[in-house]
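Reading through the structure tokens given below for one structure.
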Amino acid sequence: MFKYLALFLALFLFSCSKKELPNIKVKTLDNKDVYLSQYKGKKLLMYIWSRTCVGHAEHLKELSLLAKEKKEYSIISYAVAMGVEEVIKSYEDLGIKGDFITLVDTEVKFNDYYTIVFLPSTYIFDEKGKFIASYPGLYIP
């Protein structure tokens, strides 16, 4: 048990050691290329999920409310290991219109910069793109 706790702690500390919002090329829902680093300038709440995540359906529904309530944040739904079509289908199945930014990282490139320990999870960055914290599930600041 201690061995697993030590491994988890090491992964967590490693994921916290990165400093900046990475310059990863991802897709928007209209299949355009953008860079994650473009979203500097405002606090960023990034909800990372995949279709197989437990709890993501309710969390995605909550993101629309967060986008309306937390105007000081850019709210991003960051889908990993999925294609644009799969994300659109997931939203349709859940009845989500998406009053938030959606980015699709088919190759899970984000994990090269910040180890994704939990799916779903929330990552918070400040206005300059500096990493603040990560949390399992949907975190509401």
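Numbers at a glance
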| read-out | value |
| --- | --- |
| Ellipticity estimate at 222 nm from DSSP helix runs (n ≥ 4, -39,500 (n - 2.57)) divided over the chain, nearest 500 | -9000 deg cm²/dmol |
| Ranked list, fewest to most other Cβ atoms within 10 Å of each Cβ, for I76, I132 | I132, I76 |
| Cross-link partners of K25 among lysines (Cα-Cα below 29 Å; sequence separation of 8 or more within a chain) | K40, K42, K43, K61, K68, K70, K71, K89, K97, K109, K128, K130 |
| Packing-based exposure ordering (other Cβ within 10 Å, fewest first) of M82, M46 | M82, M46 |
| Axial C-alpha extent at least 20 Å, average Kyte-Doolittle at least 0.5 - helices from the chain (DSSP) | 2-16 |
| Gain upon complete extension [K68, N23; 0.36 nm per residue less C-alpha separation] | 13.5 nm |
| Reachable aspartates and glutamates from K32, criterion Cα separation under 17 angstrom, eight or more residues apart if same chain | E85, E86, D105, E107 |
| Assigned charges on the beta-carbon of Lys, Arg, Asp, Glu; region 2-136 dipole about Cα centre (debye) | 440 |
| Extension gain from E85 to V117, taking 0.36 nm per residue of separation minus the Cα-Cα distance | 9.0 nm |
| Two-decimal Rg/Rh across region 24-118, once Rg and the Kirkwood Rh are taken from alpha-carbon atoms | 0.92 |
| Distant-in-sequence amide H partners of I132 (H built 1.01 Å from N, under 5 Å) | I124, F125, D126 |
| Estimated FRET transfer efficiency when R0 is 30 angstrom, pair A57-D30 (beta carbons, to 0.05) | 0.85 |
| Region 63-128 - convex hull of alpha carbons, volume per residue in Å³ | 96 |
| Viscosity 1.306 mPa s, 10 °C: Kirkwood-radius Stokes-Einstein D of region 91-133 over Cα pairs, µm²/s | 124 |
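Values in this text are rule-based calculations from the coordinates and carry no lab data. The model shown is predicted, which means the values in this text are computed figures rather than measured ones. When we count neighbours, we look across all protein chains shown, and the Cβ atoms used for this are built from the backbone with ideal geometry, even at glycine.
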